[in-house]
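To start, the structure under review is shown below, and the notes come after it.
The values are calculated or read from the model by the stated rules, or taken from the named source; none is laboratory data. Bear in mind that the values here come from a model prediction, so they are computed numbers and not experimental data. Note: ideal-geometry Cβ built from the backbone for every residue, glycine included; neighbour counts use all protein chains shown.
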Amino acid sequence: MSGHSRTPLPSSPTPEGPPAHVGSLRVTRSLTIPADELEWRFTTSGGPGGQHANKASTRAEVSFSVAGSKSLGPRQRARLLERLGPTVRAAAGDERSQIRNRELALQRLGMRLADGLRVERPRVATKPSVSARARRLTDKRRQSARKRDRTRPNADDD
């Protein structure tokens, strides 16, 4: 397909909602966000690129309302609100293709949400084993003796 055609792609964004080809976003094994909860915005990409960059709306920005989502459980919602806030956004303008930028923005949003949902395992304090303690003390004695042997002998020691 030529990049110069003036007819819109079948999956072009509509004011009513997301593009037709964009499905749900799989964040974790237990969380999938349906496409109707994602809000898309398309703008021109910045930077050099001549007429294509100035005319084509290839930069994609996707936002997800954490506060208004029906797909989140209460604990997931609370964790995301605490860590990321009421709205999470991700944008991509890296590529010349709007479709590729949509995919990148969706990936970035998924990674951001997955990081926000990740539960840090609490650190369990451990103590050194008996053999590790003995090894440490033996090494300390050996180092002490080594340094003691390096000193200049006193005149009294003769």
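A few comments on the model shown:
- In the stretch 111-146, the residues that are assigned to a helix (DSSP H, G or I), free of Cβ contacts under 8 Å to residues at least 12 places away in the same chain and small (Gly, Ala, Ser): SER131, ALA132, ALA134, SER144, ALA145
- Output for the stretch 92-103, where each listed residue is surrounded by 18 or more Cβ atoms within 10 Å (Cβ to Cβ) and either without any contact (Cβ under 8 Å) to a residue 40 or more places away in the chain or touching a Leu at 6+ places or on another chain (Cβ under 8 Å) (or both): ALA92
- Number of the condition not met by LEU80 [criteria: (1) among the hydrophobic types (A, V, I, L, M, F, W, C); (2) free of Cβ contacts under 8 Å to residues at least 24 places away in the same chain; (3) closer than 19 Å to SER30 by Cα]: (2)
- Checked against the criterion of being modelled with pLDDT of 95 or more and of a type outside the set (Asp, Glu), the candidates ARG148, ARG142, ARG123, ARG102 yield just one match: ARG142.
Residue-by-condition table, conditions (1) surrounded by 10 or more Cβ atoms within 10 Å (Cβ to Cβ); (2) without any contact (Cβ under 8 Å) to a residue 12 or more places away in the chain; (3) of a type outside the set (D, E, K, R):
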{"residue": "ARG89", "(1), (2), (3)": "yes, no, no"}
{"residue": "ALA105", "(1), (2), (3)": "yes, no, yes"}
{"residue": "LEU109", "(1), (2), (3)": "yes, no, yes"}
{"residue": "ARG148", "(1), (2), (3)": "no, yes, no"}
